[in-house]
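Report on one structure; see the data block that follows.
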Amino acid sequence: RQEGWQQGRGGVQQGGGGVQQTELQEQQGEQQTWQQGGQAGYDYQQSQQEALGTQEGCHQEQVTAEHQQQQAPQGVQQVQGEQEAYPQPPALQYTYFPPWVGYQQAQQPVQQVQLDGQGVQRSPQTVPTASPAHNLVSSNWNLKGNKRGLLSTPQAKQVEEMDKVKKKSRWDAPKNSQSPALAAARSPGNAESNKPISSSSPGMSASSPGSSTSSPRVFPAKPQNSAATSISLRTNEKQVQRLQDGGQAGEGEKQNAGVDPDYWPPALKSYIHRAFAACNTPADRDKVEQFLRVELNTIFAEGKQWQINWNNYPLPSDGNFNTRGQKSRWDTPSPSEEPKTFSQQLAEGDGEEEEKGEDADRMQGKEVFKKFRKKKGKNNRMFISTEPDLRFTVIEEDQHKINLRAQRFAPGDKKFKAKLSIDQLIKSTIMNNDTDEIDLLQFTTEGTSEALEKQYLRLTSAPDPSTVRPERVLKTSLAHILKKGETLKDYKYMCEQLKSIRQDLTVQGIRNGLTVEVYETHARMALKNGDRDEFNQCQTQLKALYSEGIPGQQAEFLAYRIFYLILTNSTADLSSLLGELTPTLRSNHCISHALKVQLAWLLGDYHQFFKLYREAPNMGKSLLNLFVERERRTALKAIVRAYRPSVEVVHISSELGFDAEEECLSFLQSSGAVLTDDCVSVDCKVTSCKM
Amino acid sequence: RHYFGVLENVTCLAVLILMSLQALVSFQHLHIHNQKLWVDFEGQCQKFLENPYDEMIAAHIRCAMAVSNGDMMEAYACQGVVTQSFLKAFQAQKEENWAIPVLKRVVSDLRQFALKAEASLVRSKSRRKPGEMLEKAADLIMSCFRVCVSDSRTALEVSKRVGTPTLVNQLFKIYFKINTLHLCKPLVRAIDGSDIKDHFTKAQFVTYKYFVGKKDMFDSDFKAAAESLEFAFNCCYISSQRNKRLILIYLIPVKMLLGYMPKPELLKKYDLLEFEDVRRAVSQGNLLLLSQTLRKHEAFFIRFGIYLILQKLKIISYRNLFKKVYVLLGGTHQLPLRAFEDALKFMKVEDIDIDEVQCIVANLIDKNYIRGYISHQHQKVVVSKQVPFPSVATLFK
């Protein structure tokens, strides 16, 4: 509702401002954009903005046209000849208003009043009709406008008609080669056309969808008078006829040639003819049409149509086309881009309250954001007023943005979409790693395999239930393997069997006493055979299983973990592990032993360490074996540095936890220790220097 | 609505944004309590904002809702989306780094929500493994870090590298929380290899040094640890008493290991009296007192992860005790091992025999705390005539 009004007002000011647009006006244009914020009219606003400071009289038409276009879907049928049916504003008004604008503006406040009745409160500045506001704008407008208004009125009217026809011909494809527009223009008293007038607001302003052809982007940015506009539009008509006549463009041109001989040099006509003749495909034609319209508008605006040698003028080719993305919009009008009519808006009734509040808020916010808007507007104008090429790229970019934005308002449940997207995002960001765990818990299918032994294969896809053994079978399988292992003593075989049992447990999501038993068994077996990696895997799993409250040999494995952390020199982890120990655990002999080992290791107290090493419960010794060599070396280093002149091998052997002196001797040899001549002592001085 | 109005403009405008966007996605801003924001915020976001800012703000508002509903898991997940969306936008900005304050805010909130999510998991006795939320948060922050570090070709003024200090610190915080200190090493290396190490703010550098010092301490590189922690302590903002205290908790044990004992006034000032007896025990060589006080304040020391470090002070205590024995024996250079054994037994050290004494002395000699040698044959320690017990501090110079 307000769009139309805003545009109307904007239009007046733009017209008034003339070529030299003030920042204020641009700003206003910006504000319109903003106030519409997200409504369908956005792109029109954008285009209007582009036109700012570039057009005068013709611009008024555009504004009107745009406004009408927004209400187009409703009005297509009614439109024909409607313009004629409009009560023409008195001549005096023409001096102030270009034809349509004046009328529209006069009408807009009526709508406004109606809205007011519904509780939309307008600030005083918006209430006055266009005319007073209009009087405020620069004085040269009146002079110019006067002249222009008079000049342009009939032409513009005609143009409008032709546009309509063109659109109609495109959309409805009437077969008559005679332009219906002309016919309509000659019969102003059309009965049908009275309808829109009598209907108070929306229908009245409902107008030709064809006005999209005169969308401001079509016009070059250079100043031009309304005559040029009408001519450019007449070009449209010509092209329309070309289409209608199935390529007999020449005929259409001839027909038109009679209409306005002043403006159309014959050479130009043949030039256009040649241009279209060079086209092979409809797409090409569209391009040429587009190009010519832009080109000719410029030329007419500059009044050079008679100066140019049209016979030598370069024909439109791919090189100099300026496809501005309009074509696609034209050919496939997407519903999302179709502006809402006033009545549609009303029908939707998306919160009078909301709209109002929004506006009020923005009015407040306006001050704050004015600066920014202003800046943006300035930039746009700068682009427009510089090189045309640059401008086109900018427009194209804008167009892209507009399309993007338009898509956002495409029909569909936005809320749902948004919500969905965030839910998905949540899943894809934070919860992405959950897949493993969730998958495991999701497996409810029980295996059906009865095999006691199974080769371990790394799973690359979902498991086949026929190869997975249920818990009952796994239990017997474990017993079977352990029995077999006693005699077989083949760690590799055992490891594989246990791994396959572990896998079957995992894929079926079985986490209970059996699981703990399997992992504990495997961990011990790995320790026995010095398989550090396998032990660590089991240990990690066991830690998780214990923390889930499944009972097992928790203390024993906690002690192993302490040893393992010593093995990996993880002081920080050991420190935090201390925090996990409850007094009960602490008093457990496995753990208290492990803690003593830890302290001895920390202080380099090899005497204590190897004493504890000998006493290690369970499989502790196996695990300590993994780093006992390392400890012996550091201890030996200390010994040879501390003792003089020598130290007996027996002493070293007992201090470093060797079971037999021979072992110690081979260790000493491998460490590079030098024995004294009698071979019972290590020569510390020599060894120390050597090490 | 005003919130969205501000947002809309903020996402376009590079000047205002710095302050505003930071505030608008922060959880320390008043808008968090504005329930009006909750109405159709997703639609509003889409309407006003461009991707990925719409995602970011929608997730942020949803996060705010979750917070007020007390659903920390949801809040954390939403903050994750905020981070991800922000990163998308951030990554797309070439040769500009104005968004770094926003990055800071977003990442810091993410970490805090991860902590809270973790706590709520513990409370609900979930089967998820502990530290999982923090790990994922760290992954997200790590991806931010990568973006920042890889922006190495731009000039520093516009480079995202400027964002690395804050990210490193956030990552440190998480890594220390979940005990994955080995992940710190690549970070330190990345910082050392970058010119950014000279462009930390003082606050960032204090935090950075604090963590690096802590890490060095756990790696038993006490000298480096002392340097870093000392820097952090000296440069820490004077009224950040809590932070200063935190630094001291690590600095004191490290310094004691290096032979510097804290003054009682310092311990008093920062309410660290737990260390008082430790200090006394170590300097007196009073092993009995040391083990007693360690047991007494075990919980405190374990909480800060310094229990094992303090255990190492036993070595210094042995040295001090043996020095006393040496003095008591009248300065003779041949000290019977038996005398040391008696002293240790006096201190009620468990499992003491003559071999244990030899082992302890051997270690002290090996580490240069005692200058001399053990004569196994005569069961004596022969100490140097010049400086049999050099001062500990001089050993690390």
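The values are calculated or read from the model by the stated rules, or taken from the named source; none is laboratory data. Just so it is clear, the structure is predicted and the values come from calculations on it, not from any experiment. FYI the Cβ positions are ideal-geometry reconstructions off the backbone, even for glycines, and counts take in every protein chain you see.
Please indicate, with yes or no, whether at least one residue in region B:46-54 is among the charged types (D, E, K, R) and either surrounded by 20 or more Cβ atoms within 10 Å (Cβ to Cβ) or closer than 19 Å to B:V107 by Cα (or both). Scanning region B:46-54 turns up at least one residue that is among the charged types (D, E, K, R) and either surrounded by 20 or more Cβ atoms within 10 Å (Cβ to Cβ) or closer than 19 Å to B:V107 by Cα (or both).
For the structure I just gave you, tell me whether A:K621 is among the charged types (D, E, K, R), without any contact (Cβ under 8 Å) to a residue 12 or more places away in the chain and closer than 30 Å to A:H522 by Cα.
Details: among the charged types (D, E, K, R): yes; without any contact (Cβ under 8 Å) to a residue 12 or more places away in the chain: yes; closer than 30 Å to A:H522 by Cα: yes.
Judged against the criteria, A:K621 is a match.
If the condition is being free of Cβ contacts under 8 Å to residues at least 24 places away in the same chain and crowded, with 17+ Cβ neighbours inside 10 Å, then region B:376-396 contributes only B:H376. Of all residues in region A:551-573, those being within 11 Å of chain B (Cβ to nearest Cβ) and surrounded by fewer than 18 Cβ atoms within 10 Å (Cβ to Cβ) number 3.
Among the conditions (1) assigned to a helix (DSSP H, G or I); (2) of a type in the set (A, V, I, L, M, F, W, C); (3) away from chain A (no Cβ under 14 Å); (4) touching a Ser or Thr at 6+ places or on another chain (Cβ under 8 Å), B:M261 misses just one, which is (1). The set of residues in region B:330-345 that are touching a residue at least 12 places away in the same chain (Cβ under 8 Å) and of a type outside the set (K, R) comprises B:H333, B:Q334, B:L335, B:P336, B:L337, B:A339, B:F340, B:E341, B:A343, B:L344.
In this structure, does A:V686 turn out to be without any contact (Cβ under 8 Å) to a residue 60 or more places away in the chain, among the β-branched types (V, I, T) and more than 10 Å from chain B (Cβ to nearest Cβ)? Answer is yes for this residue. Considering only region B:81-96, state which residues are hydroxyl-bearing (S, T, Y) and within 16 Å of B:F145 (Cβ to Cβ). The one that is hydroxyl-bearing (S, T, Y) and within 16 Å of B:F145 (Cβ to Cβ): B:T83.
If the condition is being in contact with a helix residue (DSSP H, G or I) (Cβ under 8 Å, 6 or more places away or on another chain) and closer than 19 Å to B:L294 by Cβ, then region B:247-257 contributes B:L248, B:Y250, B:L251, B:I252, B:P253, B:V254, B:K255, B:M256, B:L257.
Going through region A:604-627 one residue at a time, which ones are part of a helix (DSSP H, G or I) and surrounded by fewer than 18 Cβ atoms within 10 Å (Cβ to Cβ)?
Kept after step one, since they are part of a helix (DSSP H, G or I), are these residues of region A:604-627: A:606-615, A:620-627.
Within region A:604-627, A:R614, A:E615, A:K621, A:N625, A:L626, A:F627 qualify.
Going by what's in this entry, would B:S239 be described as polar (S, T, N, Q), more than 14 Å from every other protein chain (Cβ to nearest Cβ) and not in a helix (DSSP H, G or I)? Yes.
Looking at B:K323, is it within 14 Å of another protein chain (Cβ to nearest Cβ), touching a residue at least 24 places away in the same chain (Cβ under 8 Å) and basic (K, R)? Spelling it out, it is not the case that B:K323 is within 14 Å of another protein chain (Cβ to nearest Cβ), touching a residue at least 24 places away in the same chain (Cβ under 8 Å) and basic (K, R).
Can you confirm whether B:K215 is among the charged types (D, E, K, R), within 26 Å of B:Q241 (Cα to Cα) and part of a helix (DSSP H, G or I)?
Working: among the charged types (D, E, K, R): yes; within 26 Å of B:Q241 (Cα to Cα): yes; part of a helix (DSSP H, G or I): yes.
Spelling it out, B:K215 is indeed among the charged types (D, E, K, R), within 26 Å of B:Q241 (Cα to Cα) and part of a helix (DSSP H, G or I).
Just a yes or no: is a residue in region A:620-631 more than 60 Å from the chain's Cα centre (by Cα) and of a type in the set (G, A, S)? Working first, answer last.
Start the filter on region A:620-631 by keeping residues that are more than 60 Å from the chain's Cα centre (by Cα), which leaves none.
No, because not a single residue in region A:620-631 is more than 60 Å from the chain's Cα centre (by Cα) and of a type in the set (G, A, S).
Among the residues of region B:65-109, those that are over 30 Å from B:R153 (Cα atoms) and away from every other protein chain (no Cβ under 13 Å) comprise B:V67, B:S68, B:N69, B:G70.
Taking the criterion of being crowded, with 17+ Cβ neighbours inside 10 Å and either under 26 Å from B:L364 (Cβ atoms) or of a type in the set (V, I, T) (or both), the only residue of region A:579-592 that qualifies is A:I591. Does region B:252-262 contain at least one residue that is surrounded by fewer than 21 Cβ atoms within 10 Å (Cβ to Cβ), among the aromatic types (F, W, Y) and either under 20 Å from B:F304 (Cβ atoms) or in contact with a Leu (Cβ under 8 Å, 6 or more places away or on another chain) (or both)? Yes: one or more hits. Among the residues of region A:627-659, those identified as more than 10 Å from chain B (Cβ to nearest Cβ) and acidic (D, E) are A:E629, A:E631, A:D659. Does B:V39 satisfy the criteria of being at pLDDT below 70, within 30 Å of B:S152 (Cα to Cα), at the interface with chain A (Cβ under 10 Å from one of its Cβ atoms) and out of contact with any strand residue (DSSP E or B) (no Cβ under 7 Å at 6 or more places or on another chain)? No; evaluated as a whole, the condition is false for this residue. For A:R586, the test of being charged (D, E, K, R) and either within 12 Å of chain B (Cβ to nearest Cβ) or touching a strand residue (DSSP E or B) at 6+ places or on another chain (Cβ under 8 Å) (or both) is passed.
For region B:287-397, list the helices (runs of 4 or more DSSP H) that sit wholly inside it and hold at least 3 residues that are hydroxyl-bearing (S, T, Y); which are they?
The qualifying helices (runs of 4 or more DSSP H) are B:313-328.
Any idea which residue in region A:553-603 is nearest to the chain's Cα centre (by Cα), counting only those that are under 19 Å from A:F627 (Cα atoms) and not in a helix (DSSP H, G or I)?
A:S570
Just for region B:264-286: of the residues that are assigned to a helix (DSSP H, G or I) and among the hydrophobic types (A, V, I, L, M, F, W, C), which one is surrounded by the fewest Cβ atoms within 10 Å (Cβ to Cβ)? Spell out the reasoning first.
Filtering region B:264-286 down to residues assigned to a helix (DSSP H, G or I) leaves B:264-269, B:274-284.
Next, only the ones that are among the hydrophobic types (A, V, I, L, M, F, W, C) stay: B:266-267, B:275, B:278, B:281-282.
Values: B:L266: 13, B:L267: 18, B:F275: 26, B:V278: 26, B:A281: 24, B:V282: 28.
Top of the filtered list is B:L266.
Here A:D678 clears all of (1) at pLDDT 90 or above; (2) of a type outside the set (V, I, T); (3) at negative phi; (4) out of contact with any His (no Cβ under 9 Å at 6 or more places or on another chain) except the condition numbered (1). In summary, helices (runs of 4 or more DSSP H) completely within region B:110-206 and bearing 1 or more residues that are over 19 Å from the mean Cα position of the chain (by Cα) occur at B:132-150. Going through (1) crowded, with 16+ Cβ neighbours inside 10 Å; (2) over 28 Å from B:I306 (Cβ atoms); (3) among the polar types (S, T, N, Q) one by one, B:T180 falls short only on (2).
Is it fair to say B:D221 is among the acidic types (D, E) and in contact (Cβ under 8 Å) with a residue 24 or more places away in the chain? Judged against the criteria, B:D221 is not a match. With respect to the stated conditions, A:Y313 is modelled with pLDDT of 70 or more and not in a helix (DSSP H, G or I).
In region B:290-310, which residue that is free of Cβ contacts under 8 Å to residues at least 24 places away in the same chain and surrounded by fewer than 18 Cβ atoms within 10 Å (Cβ to Cβ) is farthest from the chain's Cα centre (by Cα)? Going through the qualifying residues, I end up with B:Q292.
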